[in-house]
Amino acid sequence: MEVLLTADELADGIARLSSEVKRNVGRRPLTVVGVLTGSIVLVADLIRRLEGPVTVSMVWASSYRGTATTPGHLELRLDLLPDLTGQDVLLVDDIFDTGHTLKALLGELRRRGAANVRSLVLLRKTGRAEVDIQPDFVGFDIPDKFVVGYGLDFDGDLRHLPHLAALDDDDIAAARGGQVRCSDTSETPS
Ligand code: IMP
Ligand code: MG
């Protein structure tokens, strides 16, 4: 595995993102809607840097199946959402890849009466977008590689890495056999 972004670089990115959100939203009440499961680490770090009233809610989206690294059928679950009528909403996801997840969720949130819906992603993959929208706030543009860590998984594992790593074809083959190992262990918790 190749480390793409260290824990420190990620922390700088979150600081930058939170400043942009604060500039944009000010101290108006904000409902942060995180996308399970990949956004949990990002949401936890981001909300602790926001000011003013913040409500946190989660939706669930999945377009990956097991060890596949290409998107499949998109499944959404929004049953945990509070009433969003008239609310300022910030939709937070880990990564903008094809963009279908973000576009579908933005549509759902607007249908539920949110007054103002913006979107924030930690990562955006280069040259992959298949939709006509872009996130309002982007932490990092990254190459078109399959990435794990800081909330992002491969077949359910590796979300707990404190840094962001890219898997190459050998890593993916090894992971399918249950043997993936991070070559840079300097940042993993002891
Ligand atoms: P999209 O709908 O193609 O934009 O896919 C977005 C979702 O796919 C994200 O919320 C992630 O859950 C997942 N995803 C896309 N690329 C990666 C990756 O490189 N690693 C892990 N998950 C990914
Ligand atoms: Mg996701």
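Things worth noting here:
- Note on the range 1-113: antiparallel DSSP beta bridges, both residues inside, total approximately 20 percent of the bridges counted.
- Packing rank of 118-127, 40-49, 8-17, where each peptide gets the mean count of other beta carbons within 10 Å, highest leading: 118-127, 40-49, 8-17
- When +1 charges are put on Lys and Arg Cβ atoms and -1 charges on Asp and Glu Cβ atoms, the dipole computed for the range 15-142 relative to its Cα centre reaches about 260 debye.
- Summed residue charge, Cβ within 10 Å of Val25's Cβ, Lys/Arg positive, Asp/Glu negative: +2
- Kirkwood hydrodynamic radius (C-alpha pairs) into Stokes-Einstein, the range 1-61, 25 °C and 0.890 mPa s, D in µm²/s: 195
- Taking a straight line from the alpha carbon of Lys125, these lysines sit under 19 Å away, with near neighbours fewer than eight places off in the same chain left out: Lys103, Lys145.
- D (Stokes-Einstein, µm²/s), Kirkwood Cα radius, the chain, 1.306 mPa s at 10 °C: 93
- Spatial separation of Cα centroids for the range 3-44 and the range 75-96, in angstrom: 15
- Since only Ala115, Leu74, Val32 are under comparison, the one whose Cα sits farthest along the positive direction of the charge dipole of the chain, derived from C-beta charges on Lys, Arg, Asp and Glu, is Ala115.
The numbers here are math on the coordinates, done by the rules we state, and not lab data. Keep in mind it's a predicted model, so treat the numbers as computed, not measured. Neighbour counts run over all protein chains shown; Cβ positions are idealised from the backbone, glycine included.
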